[in-house]
1. Please find, among K105, K79, K97, the residue that is over 30 Å from I203 (Cα atoms), modelled with pLDDT of 95 or more and part of a loop (DSSP other than H, G, I, E, B).
2. Hey, among the residues in segment 74-84 that are touching a strand residue (DSSP E or B) at 6+ places or on another chain (Cβ under 8 Å) and open to solvent by 10 Å² or more (accessible area, probe 1.4 Å), which one's nearest to Y165 (Cα to Cα)?
3. Any residue in segment 63-70 that is modelled with pLDDT of 95 or more and in contact with a Phe, Trp or Tyr (Cβ under 6 Å, 6 or more places away or on another chain)?
4. Can you tell me which residue in segment 181-205 is farthest from the chain's Cα centre (by Cα), limited to those that are under 23 Å from L89 (Cβ atoms) and polar (S, T, N, Q)?
5. If you check A220, A131, which single one turns out to be among the small types (G, A, S) and within 19 Å of the chain's Cα centre (by Cα)?
6. Name every residue in segment 172-209 that is farther than 15 Å from L148 by Cβ, outside any helix (DSSP H, G or I) and open to solvent by less than 60 Å² (accessible area, probe 1.4 Å), in order of residue number.
7. Out of segment 146-173, which residues are under 22 Å from L102 (Cα atoms) and of a type in the set (G, A, S)?
8. Does F209 satisfy the condition of being modelled with pLDDT under 95 and under 26 Å from L94 (Cβ atoms)?
Amino acid sequence: MSSSLSSKISIIIPVLNESHILAGLIDLIKKNSSTNTIEEIILVDGGSTDNTVEIAVGLDLKIISSKKGRAHQMNTGAKIAKGEILYFLHADTLPPKKFDNLIIKAYKAGNNTGCFRMEFDSKNLFLRGFAYLSKINHTLCRGGDQSLFISKQLFEQENGFDERYLIYEDSEFIRRLYKTTKFIVLPQKVITSARKYREKGWINVQFHFGMIHLKNYLGAGPNDLYRYYQKHLVV
């Protein structure tokens, strides 16, 4: 890790048909960050069929293409990233104010990887309680919706995301990080979409996510997890 004052962040966002939220996300990223800390924003498109790419070009963003699948897309973005710190952000997750300075401060304090706490864009008491658990620094309370920062050096040492996983790629990678390095949970919160919970039912969704965690714990492979997800949670 470098303590250089010039440490900068490459934000990597995997996208697929995100035209309805992309402009708002980029606007909030710019409002919630400084002007001298973000090296670049890299959008990695997995084959959008809407006008996501056109919107990105209109916003003067760096957009590249990749094989569909967040693991593929995030690894592709990381390969071209110039920043010393990589920040992986889902398109439907909004980072907190001054997130860039918070990440850099944690990085300079010796934390090569970590995430923020999370809250949903919902007042549902169950979801609020579930999000509260994101304060606990344990792998069971981690997920990609909380975003992830990691030094590029560590990312490369850990060989990035396992591209066999079409779902659960964030959790699998973070589990590896917990085994090899100190993982920090920053107290500020990202706001993530509860869309799937609204469309599929919060009890139903949480039950099946819990089953995916259990199946993984019992040794299910990436194909088994994806088949279960496709059967029970695809909208």
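The values are calculated or read from the model by the stated rules, or taken from the named source; none is laboratory data. Bear in mind that the values here come from a model prediction, so they are computed numbers and not experimental data. Don't worry about glycine lacking a Cβ; one is built from the backbone with ideal geometry, like all the others, and counts go over all protein chains shown. Calculation scope for accessible area: heavy atoms of the full protein, side chains included, ligands and nucleic acids excluded. Shrake-Rupley method; radii C 1.70, N 1.55, O 1.52, S 1.80 Å.
1. Details: K105 fails: part of a loop (DSSP other than H, G, I, E, B); K79 fails: part of a loop (DSSP other than H, G, I, E, B).
One residue alone meets the criteria, K97.
2. For segment 74-84, the residue satisfying everything is T76.
3. Of all residues in segment 63-70, those modelled with pLDDT of 95 or more come to 63-70.
Next, only the ones that are in contact with a Phe, Trp or Tyr (Cβ under 6 Å, 6 or more places away or on another chain) stay: none.
Within segment 63-70, none of the residues are modelled with pLDDT of 95 or more and in contact with a Phe, Trp or Tyr (Cβ under 6 Å, 6 or more places away or on another chain).
4. The qualifying residue farthest from the chain's Cα centre (by Cα) is T181.
5. Working: A220 fails: within 19 Å of the chain's Cα centre (by Cα).
Selected residue: A131, the only one of A220, A131 that is among the small types (G, A, S) and within 19 Å of the chain's Cα centre (by Cα).
6. Listed by number, the residues that qualify are S193, A194, G201.
7. Answer for segment 146-173, where residues must be under 22 Å from L102 (Cα atoms) and of a type in the set (G, A, S): S147, S151.
8. On the way: modelled with pLDDT under 95: yes; under 26 Å from L94 (Cβ atoms): yes.
Here the answer is yes, as F209 does meet what is asked.
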